[in-house]
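Encoded as structure tokens, the structure appears first; notes follow it.
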Protein chains: 2
Amino acid sequence: MDETAGRTRRRGKELLDAIYAAAVDEVAAVGIGRLTMDGIARRAATARTTLYRRWPDPVELLLDALRELHPLEAPTPGADDLRGDLITSLRLMVEWGFSPAGRAVMALLTDPARDPAIVEALYERVFDSRGGTFTQTVLRHYAERGHLDPALLTPVVVDIGEALITKRILDTGTVDDDYLEAIVDQALLPAVGLGPAAPSPAEVNRPEKGRPGETRGTLDG
Amino acid sequence: MDETAGRTRRRGKELLDAIYAAAVDEVAAVGIGRLTMDGIARRAATARTTLYRRWPDPVELLLDALRELHPLEAPTPGADDLRGDLITSLRLMVEWGFSPAGRAVMALLTDPARDPAIVEALYERVFDSRGGTFTQTVLRHYAERGHLDPALLTPVVVDIGEALITKRILDTGTVDDDYLEAIVDQALLPAVGLGPAAPSPAEVNRPEKGRPGETRGTLDG
DNA sequence: AAACTTAGATACAGGGTTGTATCTAAAAAT
DNA sequence: ATTTTTAGATACAACCCTGTATCTAAGTTT
């Protein structure tokens, strides 16, 4: 950003943060398959040498970057609004999913040539600090308070919200609030026995923005 | 396959099919980011020249390959077994998802550097022959016969099964039949008002293979 | 102020991909 | 049988990425 760049020289945390940001931005831009030391170095405005001094390859660098970029807020369930808290937690996930870090994780997980060890490392380094899916935090909270049956919180059920959002991102690249509400009302709440299981038609039959039949879902077949 | 290869020379459909298969296999193996004319040519045992005569770049080739590799069976709902037909349709999707073609589509959709125009082309060339998601075909069938409320078949609901499977593939790389049953029982049927909405605990509390809490889901945060 | 550490710049050989050009011979068309 | 088409092979320069080595000067430590 300096007109007279190269005059100052970054070190320590300042430099590392720039490299981490560059790595995450780069993979979000070009994908895992085209992630190179060269690309990261250029984006971080540093020399490749500097990177090779610390990491053997781009993926190792990226994993460190993801570990260090901890933000990854946990939803904080409130008083007595299951529906609202679920929507909030899903919104949190959407925000993270569209962040460079979220896109980087996506890229890592969807790489056909992905090494299982890499995925393993990803979980150990990035996710192990958290306690479960976004919605799971909320659902458990309300289950503990007797608002819903804990036996219903199966692996499938606690994944419903995250799965629908993941697929939506793959399909359209965007997720708006209406869709989050629809997920909660039409999929999540029914699954935990707090339907609209057999709802009032007026409440349910407004799919997204009007027209049904415009699903166009990924992997529709 | 011939010991004395190069003796015979492929043409027309025979050659094209070999190229298409090679493209789809190659992207499934190395990912979209590393898909090259060179790699496809080597895998198809042909000359790069032959590819450049027909396609300007690997992605265009791949899109043609996916269009030409039509298999992509539609579920055929049976008599009176909604649950069974749903499971069958999901199994169909899983099979397709693990096929080279399915993996290729996945790779295209999850490429961070994906061009929206490419995704658009993908739908036009590949999916437009089908009428909706795998489960949607089944759900509509039973809705038309009065087994469930058509108003419940929102875009979210018809995507639940496919979304959970997609995420499961991303997370673990495998989907077994128990999981398909769990999806239908714990997510899909409740969403169409045919619960176990408040189920008998014995039926529900067997998440996958025993231990709950082993979710380790993608994008768990 | 002197010594040390290390970011940044440059260079290099080795390897892979690109897109084009050229040649040959096999397969199809006449 | 002759002509036309085109798959397959080879070659090429241009470009990018890889690791490594080397040098300098900025920033830190003493």
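The values are calculated or read from the model by the stated rules, or taken from the named source; none is laboratory data. Here the structure is a predicted model, which is why all the values come from computation and not from measurement. Glycine gets a Cβ as well: all are built from the backbone with ideal geometry, and neighbour counts include every protein chain shown.
Couple of notes before you dig in:
- Considering only residues in region B:138-155 that are in contact (Cβ under 8 Å) with a residue 12 or more places away in the chain and under 20 Å from A:I183 (Cα atoms), the one that is surrounded by the most Cβ atoms within 10 Å (Cβ to Cβ) turns out to be B:L139.
- The residues in region B:99-116 that are assigned to a helix (DSSP H, G or I) and surrounded by fewer than 16 Cβ atoms within 10 Å (Cβ to Cβ) can be counted, and the count is 1.
- Region A:35-51, residues that are within 8 Å of DNA strand D (Cβ to nearest atom), farther than 16 Å from A:V24 by Cβ and surrounded by 13 or more Cβ atoms within 10 Å (Cβ to Cβ): A:R48
- The helices (runs of 4 or more DSSP H) found wholly in region B:30-84 and carrying at least 1 residues that are hydroxyl-bearing (S, T, Y) occupy B:48-52.
- Subset of region A:148-189 [within 8 Å of chain B (Cβ to nearest Cβ) and either out of contact with any helix residue (DSSP H, G or I) (no Cβ under 8 Å at 6 or more places or on another chain) or of a type in the set (S, T, N, Q) (or both)]: A:T154, A:T166, A:A182, A:Q186
- Filtered residues of region B:146-195 (kept if assigned to a loop (DSSP other than H, G, I, E, B) and either in contact with a His (Cβ under 7 Å, 6 or more places away or on another chain) or closer than 23 Å to A:P112 by Cα (or both)): B:G173, B:T174, B:V175, B:D176
Matching residues to (1) farther than 24 Å from A:G78 by Cβ; (2) of a type in the set (V, I, T):
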| residue | (1), (2) |
| --- | --- |
| A:Y142 | no, no |
| A:R145 | no, no |
| A:V157 | no, yes |
| A:R168 | yes, no |
| A:Y179 | no, no |
| A:V184 | no, yes |
| A:A191 | no, no |
| A:L194 | no, no |
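- Condition met for A:T50 (within 14 Å of chain B (Cβ to nearest Cβ), within 11 Å of DNA strand C (Cβ to nearest atom) and modelled with pLDDT of 95 or more): no
- A count restricted to region A:97-106 and to residues that are over 19 Å from B:G102 (Cβ atoms) and at the interface with another protein chain (Cβ under 8 Å from one of its Cβ atoms) stands at 4.
- Looking only at residues of region B:19-31 that are within 16 Å of DNA strand D (Cβ to nearest atom), among the aliphatic types (A, V, I, L, M) and under 25 Å from A:M106 (Cα atoms), we find that the one that is nearest to the other protein chains (Cβ to nearest Cβ) is B:V30.
- Subset tally (residues that are within 28 Å of the chain's Cα centre (by Cα) and farther than 19 Å from A:L122 by Cα) for region A:41-61: 6
- Each residue in region A:68-102 was checked for being at pLDDT 80 or above and of a type in the set (A, V, I, L, M), and 8 of them qualify.
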